[in-house]
1. Taking the options 69, 51, name whichever one is at pLDDT 95 or above, surrounded by 17 or more Cβ atoms within 10 Å (Cβ to Cβ) and within 24 Å of residue 145 (Cα to Cα).
2. Residues that are among the acidic types (Asp, Glu): which helices (runs of 4 or more DSSP H) entirely in segment 37-152 hold 3 or more of them?
3. Listed residues 140, 150, 129; which is more than 21 Å from residue 73 (Cα to Cα) and touching a residue at least 60 places away in the same chain (Cβ under 8 Å)?
4. Does residue 267 satisfy being within 17 Å of the chain's Cα centre (by Cα), touching a residue at least 12 places away in the same chain (Cβ under 8 Å) and either under 28 Å from residue 198 (Cβ atoms) or outside any helix (DSSP H, G or I) (or both)?
5. I want to confirm something. Restricting to segment 229-243 and keeping residues that are over 20 Å from the mean Cα position of the chain (by Cα) and not charged (D, E, K, R), which single residue is nearest to residue 263 (Cα to Cα)?
6. Scanning for something free of Cβ contacts under 8 Å to residues at least 24 places away in the same chain and touching a helix residue (DSSP H, G or I) at 6+ places or on another chain (Cβ under 6 Å), does segment 177-196 turn up at least one residue?
7. Taking segment 259-282, which residues are among the aliphatic types (A, V, I, L, M) and buried (at least 24 other Cβ atoms within 10 Å of the Cβ)?
8. Which one is nearest to residue 343 (Cα to Cα) among residues in segment 159-198 that are in a helix (DSSP H, G or I) and among the charged types (D, E, K, R)?
Amino acid sequence: MAGGSAVLSYRDRVRGCLLGGALGDALGAGIEFLSLAEIRRAHGPAGVTGLTEAYGVFAPITDDTQMTLFTAEGLIRASVRGRSRGICHPPTVLWQAYQRWLVTQRMAGPPAEVSGWLAAQPVLYARRAPGEACLSGLAAPKMGTPESPANPGSKGCGTVMRSAPFGLLRREPEDAWSLAVECAVLTHGHPSGYLAAGAFAWIVACVLEGEPVLAAAASALRRLEDEPVGHEVARALRAALGAAGEIAADAGGAEPALMAARVETLGAGWVAEEALAIAVFCAATAAGDPRAALLAAVNHSGDSDSTGAICGNLVGAALGEDALPAAWLDELEGRDLVREMADDLVREITGSADVADRWGGVTAEWAVRYPGG
């Protein structure tokens, strides 16, 4: 996939990343637990070709998008805290953000009093197959740390599917990697779980600056090779890049049936390194076609909403919001909420005049919206 036009703005890419992830999430929501054969029996030989109903809702977002939004909210709050108080430990602020998400999974709707604006959104209180490691890790009495991670044996894709915002901070890829890893261990302690999150944040950070997905993934692979425990994620990413190269060399190789067959060789996406590999493969081989990339990322025997969400993050960051299928966006649950969060992240990172007072602190309105503690 091409890296996107040089005229794309930061907001274009951030909006594209978060909306693309939500679209992939919605496309895969209704087929998450089906095999490829079952998907084709239900939807025809091409599998899913557009948005469908799941959880009694048309085009629903799931825990993937919910947690991504709370990641973005936590990053804004960490920035606000750093500006207003001069000190901040971002993983702790992210832990608190994920605690707010955990409340949404335990209640039918917002409580009478909430902290900030995001937790007041009723659409986020739908429980849609959240990952057990995310639930148990966040319910633990102590916050996971790199030295003592939560769920040390878990490497589920819940680390990757929520980590795109770490790559949207306009920081060096290494910084995005480090922060994603530190926040992945809040719920998943297996090296492949947290290193896949780091690699994904690295890729997003590179794509944000205009690198093609393929080149960004290749640089993440080189970074993984420096990790003593990174062999499993490196092997999965290497397989994805190899498959992408084969498709590029094969005229007609991106035909949907062949894409599905290739995706099946990369795994099912339930674990972090496989989800990353599937998403990178689909994003890198769809020749600038977000629709084709997203459909390839969900039509397989595995965790379709997560692989779709991760692929959508990459496609959207590369090509921007306007490249995403407008008809799909019109139907997407929570689309205005996702746009609002994307725009708020941009406002905070770019230092918009309405978020900072003249002394470099925080305006009163912004402090209510994003309490920094």
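1. On the way: 51 fails: within 24 Å of residue 145 (Cα to Cα).
The match here is 69.
2. On the way: elements: 63-85, 90-104, 132-139.
It comes to 63-85.
3. Numbers: 140 fails: touching a residue at least 60 places away in the same chain (Cβ under 8 Å); 150 fails: touching a residue at least 60 places away in the same chain (Cβ under 8 Å).
The unique qualifying residue is 129.
4. Values: within 17 Å of the chain's Cα centre (by Cα): no; touching a residue at least 12 places away in the same chain (Cβ under 8 Å): yes; either under 28 Å from residue 198 (Cβ atoms) or outside any helix (DSSP H, G or I) (or both): yes.
No.
5. Here is the first cut: in segment 229-243, the residues over 20 Å from the mean Cα position of the chain (by Cα) are 229-232, 235, 238-239, 242-243.
The next check asks that each one be not charged (D, E, K, R); those that pass are 229-231, 239, 242-243.
Details: 229: 25, 230: 22, 231: 20, 239: 10, 242: 12, 243: 9 Å.
The extreme case among them is 243.
6. Filtering segment 177-196 for residues free of Cβ contacts under 8 Å to residues at least 24 places away in the same chain gives 178, 180.
Okay, now just the ones that are also touching a helix residue (DSSP H, G or I) at 6+ places or on another chain (Cβ under 6 Å), so 180.
Within segment 177-196 (the criterion being free of Cβ contacts under 8 Å to residues at least 24 places away in the same chain and touching a helix residue (DSSP H, G or I) at 6+ places or on another chain (Cβ under 6 Å)), the answer is yes, since at least one residue qualifies.
7. So in segment 259-282, the residues among the aliphatic types (A, V, I, L, M) come out as 259-261, 263, 266, 268, 271-272, 275-280.
Hits for segment 259-282 are 259, 263, 266, 271, 272, 275, 276, 277, 278, 279, 280.
8. Of the residues in segment 159-198, the ones in a helix (DSSP H, G or I) are 159, 164-168, 173-184, 191-198.
Adding the requirement that they be among the charged types (D, E, K, R) leaves 174-175, 182.
Numbers: 174: 24, 175: 22, 182: 25 Å.
Only one residue tops the list, namely 175.
The values are calculated or read from the model by the stated rules, or taken from the named source; none is laboratory data. Keep in mind that this is a model prediction, so the values were computed, not measured. Please note: Cβ atoms are built from the backbone with ideal geometry, for glycine as well, and neighbour counts cover all protein chains shown.
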